[in-house]
Amino acid sequence: MIAVVVLLLAAASRTHTVEIRGMEFHPAELTVAVGDTIVWINRDIVPHTATAGGGAGSQGGHTKWDTGALTQDKTGRYVAQRAGVVRYSCTFHPTMHGKLTVREAH
Amino acid sequence: MSAFHRLAALAVPFTLTAALHAQANPPASAPTPDLSDPEVAHVAVTANSIDIDAAKFAETRTHNAAVKQFAATMITDHSAVNAQAAALAKQLGVTPADNAVSQSLQSGAAEARKKLEPLSGAAFDHAYIAHEVAYHQAVLDAIDKVLIPTTENAELKKLLEDVRPAVAAHLEHAKTLSTQLGGTKAKTK
């Protein structure tokens, strides 16, 4: 039963890609649904993170996640857990900002 | 201001203001360095190495968490760029060639270190970050006005273009820290 529900959720969820290049998140603002996966891929020479609720400049509130350091061409992912707006940043580069809006799943 | 003077500013960041003043009043016949690609590669590697060394020194001196984190980022980022530059040079069969600009960069770095050496605490943090602001501004100017325009090899040019946003972000990061430290310095006076 649980497995079926998980499978149904998995089938409905989407994967969104955020490219990190030129010291920016592309797109910088993204709207996803609960259960969706966000994948960050770092195209820069220097390492980056996508970090909410702990990184410099992030205002994630109770939501905390962190891709950890992503070197060039490495990816990190996060599955959106709950609805809300999360601002995130790169721990290494406080000039970098992203915004993730998570809406309820259908 | 000639390319030579811009690079002189890069070599001695503390004289940046004077160099910018000179830009407004260019001398009639200032020499312009005609850098070959191997020389541009050498300047790029030298510029990165200087900032790595400054950050390593800062890590041994500072007690400020934000300054420590900035220094750690400088080491990571400039090391990553140098690794990429070394890989590209190898791939292109280019041996970075020492030149007057690299040498003036090194003497500028030695001079900057001399000024930081006797400092500690908030005074050190303030001076180091002020130096990082000036240095990254000078490097950014050199990338835009000297290094990218003089580079002939497309891949080396692309590497410089790829590195530019990181240098610009470091500059903004340093400026923000400088503002934050302004208060710290006032308190310790």
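Of these, A:THR37, A:THR63, A:THR67, A:THR51, which one is open to solvent by less than 70 Å² (accessible area, probe 1.4 Å), at pLDDT 95 or above and either more than 29 Å from B:LYS175 (Cβ to Cβ) or touching a His at 6+ places or on another chain (Cβ under 7 Å) (or both)? Give the steps one after another, and end with the answer.
Numbers: A:THR63 fails: at pLDDT 95 or above; A:THR67 fails: either more than 29 Å from B:LYS175 (Cβ to Cβ) or touching a His at 6+ places or on another chain (Cβ under 7 Å) (or both); A:THR51 fails: either more than 29 Å from B:LYS175 (Cβ to Cβ) or touching a His at 6+ places or on another chain (Cβ under 7 Å) (or both).
Exactly one residue qualifies, and that residue is A:THR37.
Please verify whether B:LEU177 is crowded, with 18+ Cβ neighbours inside 10 Å and within 14 Å of chain A (Cβ to nearest Cβ), treating the condition exactly as stated. Here the answer is yes, as B:LEU177 does meet what is asked.
Would you mind finding the one in B:ALA80, B:ALA97 that is at negative phi and assigned to a loop (DSSP other than H, G, I, E, B)? Talk me through it step by step, then tell me what you get.
Details: B:ALA80 fails: assigned to a loop (DSSP other than H, G, I, E, B).
None of the other options fit; the residue is B:ALA97.
Within segment B:43-91, restricting attention to residues that are charged (D, E, K, R) and open to solvent by 40 Å² or more (accessible area, probe 1.4 Å), which residue is nearest to A:PRO94 (Cα to Cα)? Within segment B:43-91, the match that is nearest to A:PRO94 (Cα to Cα) is B:LYS68.
Checked against the criterion of being under 26 Å from B:ALA72 (Cα atoms), in contact with a helix residue (DSSP H, G or I) (Cβ under 8 Å, 6 or more places away or on another chain), not aromatic (Phe, Trp, Tyr) and not in a helix (DSSP H, G or I), the candidates B:LEU105, B:LEU160, B:LEU119 yield just one match: B:LEU119.
For A:THR17, indicate whether it is in contact with a strand residue (DSSP E or B) (Cβ under 8 Å, 6 or more places away or on another chain), at pLDDT 95 or above and hydroxyl-bearing (Ser, Thr, Tyr). First the steps, then the outcome.
Numbers: in contact with a strand residue (DSSP E or B) (Cβ under 8 Å, 6 or more places away or on another chain): yes; at pLDDT 95 or above: yes; hydroxyl-bearing (Ser, Thr, Tyr): yes.
Considered against the rule, which asks whether it is in contact with a strand residue (DSSP E or B) (Cβ under 8 Å, 6 or more places away or on another chain), at pLDDT 95 or above and hydroxyl-bearing (Ser, Thr, Tyr), A:THR17 comes out as yes.
Taking residues in segment A:46-61 that are farther than 14 Å from B:GLN69 by Cα and among the β-branched types (Val, Ile, Thr), and partners anywhere that are open to solvent by 20 Å² or more (accessible area, probe 1.4 Å) and modelled with pLDDT under 50, the pairs with Cβ atoms closer than 7 Å and at least 6 places apart or on different chains are A:THR51/A:SER58.
So for segment B:3-12 (the condition being among the basic types (Lys, Arg), modelled with pLDDT of 65 or more, assigned to a helix (DSSP H, G or I) and buried (at least 17 other Cβ atoms within 10 Å of the Cβ)), does at least one residue qualify? Spell out the reasoning first.
So in segment B:3-12, the residues among the basic types (Lys, Arg) come out as B:6.
Filter once more, keeping what is modelled with pLDDT of 65 or more: none.
Within segment B:3-12 (the criterion being among the basic types (Lys, Arg), modelled with pLDDT of 65 or more, assigned to a helix (DSSP H, G or I) and buried (at least 17 other Cβ atoms within 10 Å of the Cβ)), the answer is no, since none of the residues qualifies.
The rows are residues; the columns are (1) small (Gly, Ala, Ser); (2) in contact with a His (Cβ under 9 Å, 6 or more places away or on another chain).
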site: B:VAL45; (1), (2): no, no
site: B:ASN48; (1), (2): no, yes
site: B:ALA55; (1), (2): yes, yes
site: B:ALA58; (1), (2): yes, no
site: B:ALA71; (1), (2): yes, no
site: B:ILE75; (1), (2): no, no
site: B:VAL81; (1), (2): no, no
site: B:ALA85; (1), (2): yes, no
site: B:LEU88; (1), (2): no, no
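Residue-by-condition table, conditions (1) within 14 Å of chain A (Cβ to nearest Cβ); (2) over 30 Å from B:VAL94 (Cα atoms):
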residue: B:SER120; (1), (2): no, yes
residue: B:ALA123; (1), (2): no, yes
residue: B:VAL139; (1), (2): no, no
residue: B:THR151; (1), (2): no, no
residue: B:LEU159; (1), (2): yes, no
residue: B:HIS173; (1), (2): yes, yes
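The values are calculated or read from the model by the stated rules, or taken from the named source; none is laboratory data. Keep in mind the model is a prediction, meaning the values are calculated, not measured. Cβ coordinates were reconstructed from backbone atoms using ideal geometry, including for glycine residues, and neighbour counts include every protein chain displayed. When the accessible area is computed, the model is the full protein with side chains, heavy atoms only, and any ligands, DNA or RNA have been set aside. Shrake-Rupley method; radii C 1.70, N 1.55, O 1.52, S 1.80 Å.
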